[in-house]
Amino acid sequence: MQAKTEANLRAAFIGEAKAYFRLLAYAERADEEEVPQIALLFRAIAEAERVHATRHMNLLKEILVKDTDTNLETSFQREKSISENAYPDFLKDAESEGETAAATLFSHARDAESYHAKLYERALYQVIKNTVKAYQVCQVCGYVTDKKVPKKCPVCGAPPEKFKAVEP
């Protein structure tokens, strides 16, 4: 694929993915404001944006998606980098600006990302490669575990009912 087309596909994918989530948030607000037809419109267009993002990703797969070991290594490095570099910087900025809600969010995300990196690292060393079992995902902060639901999330303290199973 030519460089400009690849760059445009990447940008289009990012834009469509962002639109998908933004429109779902708009739909939630419309629901809260009791405007169901507008909420439905936002959800319908969000679904269309998901289709666009998926189609863009399908063209990019040959470039972005490699063999599983390479994908694990790439994912491990990205999680490690964001938890050790990006989120600490975001957290520092939020704290210096007195944005406590954002600081808490960035702190939780940083800690959850470090757990994600550990799961990828275990997979790289084939500790979990041939084991198919469920993962538990905290719906408050994004912490993931391959063990049973904890009594409280080690990142944000959420109770067990805030966890969602991702099963094979």
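Structure values in brief
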{"quantity": "Evaluation of Asp93 against (1) among the charged types (D, E, K, R); (2) within 27 Å of Tyr20 (Cα to Cα); (3) surrounded by fewer than 18 Cβ atoms within 10 Å (Cβ to Cβ) (one fails), failing number", "calculated": "(2)"}
{"quantity": "Number of the condition not met by Thr54 [criteria: (1) more than 16 Å from the chain's Cα centre (by Cα); (2) in the same structural domain as Ala17 (by TED's automatic domain parsing); (3) free of Cβ contacts under 8 Å to residues at least 12 places away in the same chain]", "calculated": "(1)"}
{"quantity": "Residue, nearest to the chain's Cα centre (by Cα), within region 114-148, restricted to residues that are assigned to a loop (DSSP other than H, G, I, E, B) and surrounded by 17 or more Cβ atoms within 10 Å (Cβ to Cβ)", "calculated": "Gly142"}
{"quantity": "Meets criteria (under 25 Å from Val140 (Cα atoms), in contact (Cβ under 8 Å) with a residue 12 or more places away in the chain and small (Gly, Ala, Ser)) for Ser81", "calculated": "no"}
{"quantity": "Conditions (1) of a type outside the set (Ser, Thr, Tyr); (2) more than 27 Å from Ala25 (Cα to Cα); (3) surrounded by 15 or more Cβ atoms within 10 Å (Cβ to Cβ); number of the one not met by Lys61", "calculated": "(3)"}
{"quantity": "Flag if Leu91 is in contact with a Lys or Arg (Cβ under 7 Å, 6 or more places away or on another chain) and more than 25 Å from Lys147 (Cα to Cα)", "calculated": "yes"}
{"quantity": "Odd one out for Lys148, checked against (1) modelled with pLDDT of 95 or more; (2) farther than 22 Å from Ser75 by Cβ", "calculated": "(1)"}
{"quantity": "Count of region 1-23 residues which are of a type in the set (A, V, I, L, M) and in contact with a Leu (Cβ under 8 Å, 6 or more places away or on another chain)", "calculated": "2"}
{"quantity": "Answer from Ala39, Ala86, Ala48, Ala109 - the residue that is closer than 27 Å to Arg22 by Cβ, touching a residue at least 24 places away in the same chain (Cβ under 8 Å) and not polar (S, T, N, Q)", "calculated": "Ala109"}
{"quantity": "Test for Lys66: is it basic (Lys, Arg), in contact with a helix residue (DSSP H, G or I) (Cβ under 7 Å, 6 or more places away or on another chain) and under 30 Å from Leu9 (Cβ atoms)", "calculated": "no"}
{"quantity": "Residue match in region 97-105 (condition: under 18 Å from the mean Cα position of the chain (by Cα) and acidic (Asp, Glu))", "calculated": "no"}
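The values are calculated or read from the model by the stated rules, or taken from the named source; none is laboratory data. Since the model is a prediction, treat every value here as computed from it, not as a measurement. So basically every Cβ, Gly included, is an ideal-geometry build from the backbone, and we count neighbours across all protein chains shown.
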